[in-house]
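The structure is given below, and queries will be raised subsequently.
Bear in mind these aren't lab numbers, they're just calculated from the coordinates by the rules spelled out. Note that the coordinates shown come from a computational prediction; the quantities given were computed from them, not determined experimentally.
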Amino acid sequence: MLRKPLMTVKEVSEMLKVKETTVRTWIRERKLRAIKFGKDWRVAVIDLETFLNEHANK
């Protein structure tokens, strides 16, 4: 059961203020975990949080 919703590539790009192509590149390069539904990708909020934490300045 999903506890948090899935986000579209567009929603992720708008949230992070980057282009959709950037998000798609992260997905393609397996830097950002995503699920494919037909032709569209969805990103779980928990996976986005993990991605951001891994790329935060330390």
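Using the 2.2 N^0.38 Å rule of thumb for compact globular proteins, work out how segment 6-54 stacks up: its C-alpha Rg over that value, please. Each step should come with its number before you reach the end.
Numbers: Rg = 9.5 Å, N = 49, 2.2 N^0.38 = 9.7 Å.
Relative to the rule-of-thumb radius for its length, segment 6-54 sits at 0.99.
Sticking with this one: Rank Lys31, Lys39, Lys19 by mean-square fluctuation in a GNM of the chain with C-alpha springs under 10 angstrom and give only the top-ranked residue.
In this elastic network of the chain, the residue with the biggest mean-square fluctuation among Lys31, Lys39, Lys19 is Lys39.
Okay, helix-only estimate at 222 nm for the chain: each DSSP H run of n ≥ 4 adds -39500 (n - 2.57), divide by all residues, round to 500 deg cm²/dmol; what do you get?
Helix-only estimate at 222 nm: -13000 deg cm²/dmol.
If amide H atoms are built 1.01 Å from N in the plane of the peptide, which residues on other chains or at least 5 residues away come under 5 Å of the amide H of Arg33?
none
Per residue of segment 11-28, what does 6.51 cos²θ - 1.76 cosθ + 1.60 with θ = phi - 60° give for ³J(HN,Hα)? Whole Hz please, x for Gly and Pro, Karplus curve as stated.
5, 5, 5, 5, 5, 8, 6, 10, 6, 4, 4, 5, 5, 4, 5, 4, 5, 4
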